[in-house]
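The values are calculated or read from the model by the stated rules, or taken from the named source; none is laboratory data. All of these numbers come straight from a predicted model, not from anything done at the bench. We place every Cβ from the backbone using ideal geometry, glycine too, and count neighbours over all the protein chains shown.
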Amino acid sequence: MTRADLAVARLLLGGADRRERWRLALTALGAALGTAFVLCAITVARIEADWNPQDASMPGWARQYSSELLSDPGSRRGLVVAFLLLLVPVLTFVGQCSRLGAARREQRFAALRLAGASPAQVHRIAAGETALVGGAGAVVGVGLFLAVRAVLDAANPEPLYVELPPGMPDGGRPVVGSKVVIERLLYPTDVPFSWGWAVAAVLAVALLGGLTTRLALRRVSTSPLGTARRAPRRAPSPWILLLLPVSAVAAVPLLALTRDSAKPPFAALLLCLVCFVAGLLVSTAVLSRVLGRLAARRGNSAALVLAGRRLEADPWAGARAHATLVLCALVGAGTLGLRESVLAGLAAVTPGREPDPYYGASFGLAALGLAVALAAAAGGLLVGWVESVTEQRRTLAAQVAAGVPTSVLRRALLWQTALPLVPALVLAGAGSYGYLVPVATGMYPLPLFGPAIAVAVAVAACLAATAAVFPLLRRSVRPAELRFE
């Protein structure tokens, strides 16, 4: 991307209309969240270990924190990975936002094509536009991180005084009488904030946002006459769904070997899991085509037939947002199922005693991260529906003018979401449950409600995101929309 591309992108930002300003605001919001997650990961990764160097029995531990999530080196690495994985739904949300206001943006791109710009230059300008907005949102994300850090710093407890046993060294820590002062902090606000890492995070998030937009528009080509052409995609093959049962069947003997063998085949088990996830992520497109064709031919209501025709015509519509939602359901079902099994197993081993707070804090933080990821994924689905309704407003207005009730269109949108997504989410929950069986057959009981709760929450989030577009649908079917054919 050249300096000239960024200059043109900056000029385009100055002439944004109301609809485009919504797109820019949502893109900046996603960039702000992504920057906050990156800075959280950097902060946890920079925690200094071995606070008491005279005690080498627990190397790598940061014992200035009361929570083992921060003191345990393995848990810290898990936290860093979790914060970075939260970037996936955020970047998906940014990619969906880049498609809002497509009509107005394509008019500007057509003017650039008339002025001599190539399709590749137009795409670079669009990516530069998102990168500039993402950079501004990333700066806001740094401010958000600093504000949350200040609140957590104020909530950190006062120093804790602990009685020293006779003969135990104090490790160089201050002593008051016979008590040693131990800084047992709840949050890692003692880690110094680095502006260098903050600048690197801002640049990384802005660059990732631009690359996401470039990938989102890779199949769109705008001509100098203002016609946008989307390169056709091949229809998804139903044979892709065979990855799900094949990988599940292949994993059964591998899971048995993992429990009984001295050298578990973790590499082969990981390959089966990767195949299962790959088939699951593409399953929404396959289900859109198969179930859409079935609903169009056998549907017993106008809304179901209309939804089936739309799914059959474009099975890849919303595939990006659908894949993120399915991935959230897969991880969420596994996390909640594991939480249910572990806590029930600990309660059975130590009856009448509260489980170690480490487990409650770990699973609570994981549930919070999954809730954020699910909200971002549902937001991406909502943005995709807003784009679809906006682009098809003349067609929808014509259908209402021909006598189709608005309630039928609303039910068609719900069917269009539920037909491919609900079966895929149920498959995600079943797959997570299957991979939890070898974990639970040891000291933990089988989970009963955790995976089902995760799938139910994901389905509710999808339907709620679709229902949120109903006010826009009501405004888009007004007869005035027909005047601009």
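Structural remarks
- Set Ala201, Ala131: member being hydrophobic (A, V, I, L, M, F, W, C), within 23 Å of Val88 (Cα to Cα) and at pLDDT below 85: Ala131
- Ala303 more than 26 Å from the chain's Cα centre (by Cα) and buried (at least 16 other Cβ atoms within 10 Å of the Cβ): yes
- Among the candidates Arg19, Arg76, residue that is modelled with pLDDT of 70 or more, in a helix (DSSP H, G or I) and more than 18 Å from Ala371 (Cα to Cα): Arg76
- Hey, Leu330 over 16 Å from Leu463 (Cβ atoms), in the same structural domain as Leu294 (by TED's automatic domain parsing), of a type in the set (A, V, I, L, M) and surrounded by fewer than 23 Cβ atoms within 10 Å (Cβ to Cβ) or not: no
- Any hit, the stretch 236-249, residues being surrounded by fewer than 18 Cβ atoms within 10 Å (Cβ to Cβ) and modelled with pLDDT under 60: no
- Test result for Phe83, at pLDDT 85 or above, buried (at least 20 other Cβ atoms within 10 Å of the Cβ) and part of a helix (DSSP H, G or I): yes
- Failed condition for Leu436, given (1) modelled with pLDDT of 85 or more; (2) among the aliphatic types (A, V, I, L, M); (3) surrounded by 20 or more Cβ atoms within 10 Å (Cβ to Cβ): (1)
- Filter pass, Ala348 being part of a helix (DSSP H, G or I) and under 22 Å from the mean Cα position of the chain (by Cα): no
- For the stretch 334-348, the criterion of being touching a Ser or Thr at 6+ places or on another chain (Cβ under 8 Å) and buried (at least 22 other Cβ atoms within 10 Å of the Cβ) is met by at least one residue.
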